[in-house]
Amino acid sequence: MALGIVRGLGYWAVGQYSREVLVTVAIALPMMLVGIFIGNRIHTGLSELAFRRLIAGALMVSGLALLVKSG
């Protein structure tokens, strides 16, 4: 969280927060909160083994997608 605050202050210091950026953040915020809620519910209900299998599966699918895209 501290890194996020420092990064945000750095962007603010160099003038990177425009009206367009703030509108985009305001639109995306509800979706981010829903994603955090769903992720938290899934995470607390998984065993360590199920979590490892889920991550391994996601890595394999993303790797396959990259191989197909580059081929």
Being surrounded by fewer than 10 Cβ atoms within 10 Å (Cβ to Cβ) and of a type in the set (Gly, Ala, Ser): is that true of Gly45 here? yes
Whether any residue in the range 28-36 is in a helix (DSSP H, G or I), modelled with pLDDT under 95, open to solvent by 80 Å² or more (accessible area, probe 1.4 Å) and more than 30 Å from Tyr11 (Cβ to Cβ) is what I want to check. no
Here is a check on your reading of the model: is Leu67 more than 16 Å from the chain's Cα centre (by Cα) and of a type in the set (A, V, I, L, M)? yes
Condition first: open to solvent by less than 80 Å² (accessible area, probe 1.4 Å), among the β-branched types (Val, Ile, Thr) and under 18 Å from the mean Cα position of the chain (by Cα). Now tell me which residues in the range 1-23 satisfy that. Val21
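The values are calculated or read from the model by the stated rules, or taken from the named source; none is laboratory data. Not measured: the values here are computed from a predicted model. Ideal geometry is used to build each Cβ from the backbone, glycine not excepted, and the neighbour counts take in all protein chains shown. Areas reflect the complete protein model, heavy atoms only, side chains present, ligands, DNA and RNA absent. Shrake-Rupley method; radii C 1.70, N 1.55, O 1.52, S 1.80 Å.
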